[in-house]
1. Under 1.5 on a/c is rounded, so check that first for the chain, then, if it is not, pick prolate when a/b is larger than b/c and oblate when it is not; a ≥ b ≥ c are the square roots of the alpha carbon gyration tensor eigenvalues.
2. Less than 17 Å apart at the alpha-carbon level, and either on another chain or at least 8 residues along: which aspartates and glutamates does that give for Lys56?
3. Around Lys139, what is the net charge, scoring Lys/Arg as +1 and Asp/Glu as -1 over all other residues with Cβ under 15 Å from its Cβ?
4. Filter the DSSP H helices in the chain by two things, a Kyte-Doolittle mean of at least -0.5 and an axial alpha-carbon span of 20 angstrom or more, and list the hits by number.
5. Compute the distance from the alpha-carbon center of the range 188-226 to that of the range 42-57, in whole Å.
6. Say we join alpha carbon atoms closer than 10 Å with springs in a Gaussian network model of the chain; which of Ile189, Ile233, Ile274 then has the biggest fluctuation?
7. How long are the semi-axes of the ellipsoid equivalent to the range 277-340, from square roots of 5 times the Cα gyration tensor eigenvalues, in whole Å, largest first?
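Values in this text are rule-based calculations from the coordinates and carry no lab data. Just so you know, these numbers come straight off a predicted model, no measurement behind them. Quick reminder, even Gly has a Cβ in these numbers, built from the backbone with ideal geometry, and neighbours come from all protein chains shown.
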Amino acid sequence: MKLGIIGLPMAGKYTLFEALTQISWLPEKRNENKMGTVEVPDDRVDRLSSMYRPKKTTYAKVNYFLPCTVMGSSRNTHEQRWADVRDSDAFIHVIRNFQPGLEGRDPLDDFHAIEEDMIFSDLMVAEKRMEKLELDKKKDRGYNPEEHILMHEIYSWLEKENPLRTHPELAIHPLLRGFAFLSGKPMLICFNNEDDNDGIPDIPEIHQNFNCLAVRGQLEHEISQMDRHDMEIFLKEYGIADTARSRVIQQSYEMLGLISYFTVGEDEVRAWTIRKQTPAVEAAGTIHSDIQKGFIRAETVAYDDLMKAGSYAEARKKGTVRLEGREYRVQDGDIMNFRFNV
């Protein structure tokens with residue numbers, strides 16, 4: 001999962017990126033694109049690892065990407081501003097909500113500035129593609145009339161200043177996957193607050209339509225630089241239940257409709273990330289394409305049932321270990337053992 005961090009200058013994107021990834025960059029590297037990979041904390045993985053004592057424990061991972069281009073600036077063209085984040089699965093939009101604010105601007109203004117830039121960029125992509133399709137039609141070379149109709153629909157929708165995420169059937173149409181329209185991607189709003197403010201501003205237009213979080217960027221950055229012991233003491237002393245890192249990951253999973261299933265054994269306990277309602281045969285493919293190709297059955301037990309039983313053998317005796325077919329929809333926390341033959 002790749003999450004692109006976006007927002008206007010001075011919103012606190014760099015501070016949040018470092019808080020989430022615990023990566024600090026040298027000043028001379030600040031003008032480069034940055035990618036940070038973070039393990040997804042999961043108590044279930046910890047307990048499974050304690051049970052099986054494997055040689056290796058592997059958590060699910062999230063990639064945070066911070067582009068070096070400046071959003072909302074005339075220094076870069078629309079195409080340049082969005083080129084590096086276009087392949088993100090979703091966006092984290094950091095909005096400044098601390099003083100001193102920029103002259104005459106508020107969080108809603110900043111939200112609209114980025115939203116309008118996305119829409120304009122998508123309009124340019126749709127327009128360029130329609131021109132190509134019309135040329136293909138004239139020259140009778142691989143013309144796709146269905147795609148042409150869809151592009152006209154997209155252009156018309158965007159021209160009315162509507163982001164594609166408000167027309168999900170159009171945004172996720174299989175013919176349009178390769179275009180990675182920006183305004184059709186899920187977006188998590190992070191209001192970057194001052195240290196003494198943990199509330200989400202009352203802006204119905206935003207919080208009624210998006211997953212929203214309030215983060216105290218500077219404070220979270222300081223917390224991220226502490227060792228585990230000091231961090232636990234600090235969080236307890238100040239009554240902070242979860243760090244921004246945990247909350248952003250949780251909200252990102254919910255926003256993208258993601259869940260985790262597990263594989264266990266003496267060699268490795270591992271979490272695998274899939275979308276909700278993924279069939280077992282496709283879940284098997286996240287491990288290896290050969291397992292998907294030769295899929296026979298999935299031996300499955302729910303995490304809670306395994307914990308209640310105390311061991312896999314005991315869960316089998318209780319009848320909670322079951323065999324599922326290729327169309328079984330994997331549930332969050334399922335422990336899977338795929339039977340296959342290639």
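1. Since a/c reaches 1.5 but b/c is at least a/b, the shape of the chain is classed as oblate.
2. Straight-line reach from Lys56, under 17 Å: Glu39, Asp42, Asp43, Asp46, Glu266, Asp267, Glu268.
3. Details: positive: Lys132, Lys137, Lys138, Arg141; negative: Glu131, Glu134, Asp136, Asp140.
Spelling it out: positives minus negatives among the neighbours equals 0.
4. In the chain, the long hydrophobic H runs are 145-159.
5. Here the answer is 32 Å between Cα centres.
6. Ile233
7. On the way: eigenvalues 96, 25, 17 Å².
Result for the range 277-340: semi-axes of 22, 11, 9 Å.
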